[in-house]
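Notes for the one structure printed next.
Read-outs: derived from the displayed coordinates by stated rules, not from any lab. None of the values given here were measured: they were computed from a predicted structure.
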Amino acid sequence: MTNFFVVITIILQSYFMILEIFLWDKPRTYKTFGLSEDFAIQSKTMALNQGLYNGFLAAGLVWSLLSSDIEFSFQLKFFFLSCMFIAGVVGGITVTKKIILVQALPALIPLILLLIHRIGVL
């Protein structure tokens with residue numbers, strides 16, 4: 001069950017990466033983010049950098065799923081899900097509360113499941 005939610009977060013982070021790296025200055029994307037066309041064009045380089053970070057987070061979780069070492073897999077999942085959660089909370093505080101729902105919460109669900117499984121409740 002935990003890995004199912006990890007895959008969901010990988011898909012979300014990959015989607016954010018694609019939006020920020022390749023589609024940032026396209027009308028549908030800047031409207032989704034509530035940006036003006038001018039701001040989207042001016043901030044394209046910043047968004048590319050942000051997209052890379054989202055891609056790195058997704059890649060770390062893919063790595064966690066591919067690792068055959070159970071302890072190392074746990075550590076990777078814990079680290080990358082925690083990073084996503086913290087980034088989502090900071091984004092929610094500094095940019096828009098919507099980020100808490102689309103980034104922090106999806107990372108928190110598998111993080112909680114991971115910890116529950118770790119202590120042996122599930």
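Considering the chain as a Gaussian network with a 10 Å cut-off on Cα pairs, which listed residue, 56, 39, 78, attains the greatest mean-square fluctuation?
39
Please give the Cα centre distance for segment 45-111 versus segment 8-22, rounded to the nearest Å.
Answer, in whole Å: 11.
Taking the chain as a Gaussian network, where each spring joins two C-alpha atoms under 10 Å apart, which residue of 41, 18, 109 fluctuates the most?
Highest fluctuation of the listed residues: 41.
Return a single number: how many Lys pairs in the chain, at a sequence separation of 8 or more or on separate chains, have alpha-carbon atoms below 20 angstrom apart. Don't jump to the answer; show the numbers that get you there.
Working: 26/44; 31/44; 31/97; 31/98.
Qualifying lysine pairs in the chain: 4.
Over segment 2-119, with a single point scatterer placed on each C-alpha, what log10 of the ratio I(q)/I(0) does the Debye formula yield at q = 0.09, 0.12, 0.14, 0.15 1/Å?
So the normalised log intensities work out to -0.26, -0.44, -0.58, -0.65.
Only Cα pairs under 8 Å and at least 6 apart count here; give the relative contact order of segment 2-119 as a rounded whole percent. Could the numbers behind the result be given before it?
On the way: 125 pairs, mean separation 32.8, N = 118.
Here the relative contact order equals 28 percent.
Among 108, 66, 81, whose mean-square fluctuation peaks in a Gaussian network model of the chain (Cα, cutoff 10 Å)?
In the Gaussian network model the winner is 66.
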